[in-house]
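In what follows, a structure is listed as structure tokens, so that the remarks can point back to it.
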Amino acid sequence: MASLEEQLIQDIKAGNTVSLERGLLIISGLNTEGEIETYAQKLDQIYNGFVERLTSKSPLSPESTRKYMTRSMAKWLFEYLWNTKPKRCNSNFLLTDVIDAQLNPNMHQKVGSCVGLTSLYTVLGLREGLDLTILVSDSHIVSRLRIDSANFCNIDNTDPLGFDCHIKEEEFLEYPPVKLVANVLNSRGMTVEITENLAEAKEDYEKAIKVNPDYANAYNNRGNIKLKQGDYAGAIEDYNRAIGLNALFVEAHCNRGIARENLGDLTGAIQDFNKAIDLDSEYGDAYFHRGSAKQSLGDYTAALSDFDKVLEIDPESADKVMKFRDRAAALERETQKSSNP
């Protein structure tokens, strides 16, 4: 018999109707109906607190407010969460952890990451009947409230001023709320990867891809696992997919360059590092790896320039960078001596 998580992923992949609230609780590690019910009741506490605040705030009944004041309802929910826990941002991405933190009476208790906070806002908003989607970039996630066919507003749940925020639209892709499950799986994979449990991390990234086949981050992260495992060609395939979905994905361009460098394609690698730098002129990893590739090609002057740029961007990287820089400087001196006997 499939586990609750396995069945959830199968249902989402098949396009079956899935409760986001239930799905996020299952992905948080709840394995029984009793455990799920316990956390559903905790969500009731948070939601009921909001309704009580709404009743005292609005002269209209909650039913009238829901029908005629969609934007205000969404804003009041946003403000309620921030007012009850004004120090919100930490690394929690599992809905269970976020719920527990939100209910913690300690006002200094932080609540969650962009994934965790967006998950909480979304499940509560869906209870209110709000038409919500999610917007995902290579490094962030925000909510989108659909007011009507022509109007919407974006909501950054990590910013106290984030209601109706402005974003660079070209950097985000819009997905239905259920795809939040993929973001949580991706975050879970990243947490596992830190422990060097590559097989489990890769499995989580693959689950994220099953839930959302258009999720660039999961392809990039699975590519990173393949890179660590020495499967450079496989890594490049995943980076290609990530870049195809998000051409502005700086990290994926840099990572593909690293994989190409490992395969000996130094020219292709430098092209990828150049692209990453074009997209983000302060992306130190791209300068570092471009310097390494140029050093391998014998262009020591250019390599030194790139290593110096890394030190300028991130002085704390000196321990890693200086041995490469010293090597490039020594090789450059040898070359100069050879050309000037």
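Quick check on residue 186: is it surrounded by 20 or more Cβ atoms within 10 Å (Cβ to Cβ), part of a helix (DSSP H, G or I) and out of contact with any Pro (no Cβ under 7 Å at 6 or more places or on another chain)?
The answer is yes for residue 186.
Can you tell me which of (1) at pLDDT 95 or above; (2) out of contact with any Gly (no Cβ under 6 Å at 6 or more places or on another chain) is the one residue 1 doesn't meet?
Just one mismatch for residue 1, condition (1).
Of all residues in the stretch 154-182, which are under 26 Å from residue 247 (Cβ atoms) and touching a helix residue (DSSP H, G or I) at 6+ places or on another chain (Cβ under 7 Å)?
155, 158, 177, 178, 179, 180, 181, 182, listed by residue number.
What single numbered condition from (1) surrounded by fewer than 15 Cβ atoms within 10 Å (Cβ to Cβ); (2) more than 23 Å from residue 216 (Cα to Cα); (3) not polar (S, T, N, Q) fails to hold for residue 169?
(2)
Let me confirm something: among 161, 135, which residue is outside the structural domain of residue 8 (by TED's automatic domain parsing), of a type outside the set (D, E, K, R) and surrounded by fewer than 18 Cβ atoms within 10 Å (Cβ to Cβ)?
Criteria check complete, one pass: 161.
Taking the stretch 167-180, which residues are in a helix (DSSP H, G or I) and more than 12 Å from the chain's Cα centre (by Cα)?
Hits for the stretch 167-180 are 169, 170, 171, 177, 178, 179.
So which residues in the stretch 242-273 are touching a helix residue (DSSP H, G or I) at 6+ places or on another chain (Cβ under 7 Å) and of a type in the set (S, T, N, Q), if there are any at all?
Within the stretch 242-273, 246, 255, 262 qualify.
Which one is surrounded by the most Cβ atoms within 10 Å (Cβ to Cβ) among residues in the stretch 1-55 that are basic (Lys, Arg) and either farther than 20 Å from residue 97 by Cβ or outside the structural domain of residue 85 (by TED's automatic domain parsing) (or both)?
Let us first name the residues in the stretch 1-55 that are basic (Lys, Arg), namely 13, 22, 42, 53.
Still in the list and also either farther than 20 Å from residue 97 by Cβ or outside the structural domain of residue 85 (by TED's automatic domain parsing) (or both): 13, 53.
Working: 13: 14, 53: 16.
Result: 53.
Just to be sure I understand, how many residues within the stretch 110-137 are part of a strand (DSSP E or B) and hydroxyl-bearing (Ser, Thr, Tyr)?
Of the residues in that region, 1 qualify.
So, in the stretch 281-301, how many residues would count as being surrounded by fewer than 17 Cβ atoms within 10 Å (Cβ to Cβ) and without any contact (Cβ under 8 Å) to a residue 12 or more places away in the chain?
Matching residues across the stretch 281-301 total 1.
How many residues does the stretch 1-42 hold that are in contact (Cβ under 8 Å) with a residue 40 or more places away in the chain, under 21 Å from residue 120 (Cα atoms) and basic (Lys, Arg)?
1
The values are calculated or read from the model by the stated rules, or taken from the named source; none is laboratory data. What you see is a predicted model; the values in this text were computed from it and never measured. Heads up, the Cβs are rebuilt from the backbone with ideal geometry, glycines too, and the neighbour counts pull from every protein chain shown.
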